[in-house]
Amino acid sequence: MNLLAIDTAADRFSVALASPGGVSSGIDTWLFEADAGLRHSELILDSIDILFKMAALKPESLDGVICMGGPGSFTGLRIGFSTAKGLALSLGIPLAAIPTLDCMVWPFYSLPGIIVPVLDAKKQAFFCALYRDGKRLCPDMDAPPDAIARIITGSLLPQPENEWQNEVLLVGPGAKMLHEKMGTDTLRAGIDLRWGNAETLLLMAQETDIFVNSEKNLSIGPEYIRKSDAEISGTKSLRQGPGDRKDL
C-alpha cells in the first residue's frame, strides 16, 4: 500500500510516505521533518508535495492516510486532521488516527519495566500514560508532576521477580523536563527525543489492522483531554453572565 503519515502533535513536525519497493519487494520510505513551532500550516502541504515528487508518485496513488490522534497541540492536531481528511475525502481512501502516546511508546515496547511517553502540556502539566509489556496501565493523563509521580509509584509491582520489572523509563520530548520537575533519581529520564513520529505511524499502520475499522471514516477527530483556552474563557463568560464580563 502507498501510505501517507502526518504528525503535527508537537513542535517537531513530520510527514512520511511509504510505497512498495518494486522488484526488491521491500518498502521505500520518504521523510520530511522540522522543528515547526507554530508553523505546521505553512509546512504541511509543501512538504507532502515534496515527498510525492521524491517518490515519483501522484496523490491519486495513495491507498490510505494516517495522522496523530492526540493528545498534543490543539492547533497542530487540527491542522493534521484537516489535511488528512481533505486527502481522504478527495481521493476516496481510508483515514486512520493513532493515539499520540501509543505512537510515541511503540519503539520501546520491547524494553522491560514501565515506559512513560511524555509531552509538555504547558501550564505546569504533562500529557503522558504508563505502559508495561506493550499494554496500557492507565488512560491518557493531563497532570502535574507530583500527581504523575504518585501514579507511577502506585503502578510498581510489590514483589517483582527482578529489579528490571520496576524500572521506569520516561521517553519523548517532555521526558527530561518532567524528570527534572519530579525531582527524583529513581526514574530514568530516557532520551529527550527530538525526532518526529511520522515513520512510527507508518510502521504501526503496516504492522496492525488500523484500517479495518477505519474505512473512509471521516467522522473521527482529535482527542482533546483538556479544553482549549478559548473554550475555558467561553465557559466562564456563560457562567458569569453578561453583567460580570468586566471581571474576566
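Can you give me the distance in nm between label points at residue 35 and residue 61, each placed 7 Å from the Cα along the Cα-to-Cβ direction?
That separation, rounded to one decimal, is 3.4 nm.
Looking at this model, which pairs from 53/122; 135/176; 122/176; 85/123; 123/176 are more than 26 angstrom apart at the alpha-carbon? Working shown, then result.
Numbers: 53/122 37 Å; 135/176 23 Å; 122/176 14 Å; 85/123 30 Å; 123/176 16 Å.
From 53/122; 135/176; 122/176; 85/123; 123/176, over 26 Å: 53/122; 85/123.
Out of 38, 21, 48, whose Cα points farthest toward the positive end of the dipole of the stretch 9-61 (charges: +1 Lys, Arg; -1 Asp, Glu; placed on Cβ)?
21
Let me know the charge dipole size of the stretch 59-174 about its Cα centre in debye, to the nearest 20, where only the beta-carbon of Lys, Arg (+1) and Asp, Glu (-1) is charged. Intermediate values should be presented prior to the final figure.
Details: 8 positive and 11 negative charges, 76 e Å.
Dipole about the Cα centre, nearest 20: 360 debye.
The stretch 14-162: percent of C-alpha pairs farther apart than 21 Å?
Values: 6145 of 11026 pairs.
Here the long-distance tail beyond 21 Å is 56 percent of all Cα pairs in the stretch 14-162.
Sort all Cα-Cα distances of the stretch 115-173 into consecutive 10 angstrom bins from zero, then give the percent of pairs in each bin up to the one containing the longest distance.
Using 10 Å bins, I get a P(r) of 22, 55, 20, 3 for the stretch 115-173.
Tell me, what HN-Hα J-couplings in whole Hz come from the Karplus equation 6.51 cos²θ - 1.76 cosθ + 1.60 at θ = phi - 60° for each residue of the stretch 68-75, using x for Gly and Pro?
For the stretch 68-75, the Karplus curve yields 6, x, x, x, x, 4, 4, 5 Hz.
Please give the FRET efficiency for residue 124 paired with residue 219, using the beta carbon to beta carbon distance and R0 = 30 Å, rounded to the nearest 0.05.
Working: r = 34 Å, r/R0 = 1.14.
Given R0 = 30 Å and the Cβ-Cβ separation, E is 0.30.
Percent of alpha carbon pairs in the stretch 67-124 separated by more than 19 Å?
Details: 724 of 1653 pairs.
Value for the stretch 67-124: 44 percent of Cα pairs lie more than 19 Å apart.
Residues of the stretch 60-155: accessible area per residue at 1.4 Å, in Å²? Provide the component values of the computation, followed by the final result.
Numbers: 3600 Å² over 96 residues.
Dividing the accessible area of the stretch 60-155 by its residue count gives 38 Å².
The values are calculated or read from the model by the stated rules, or taken from the named source; none is laboratory data. This is a predicted model, so every value here is computed, not measured. Here the Cβ is made from the backbone with ideal geometry for all residues, glycine too, and neighbour counts use every protein chain on show. Heads up: the accessible areas ignore ligands, DNA and RNA and are worked out on the full protein's heavy atoms, side chains in. Shrake-Rupley method; radii C 1.70, N 1.55, O 1.52, S 1.80 Å.
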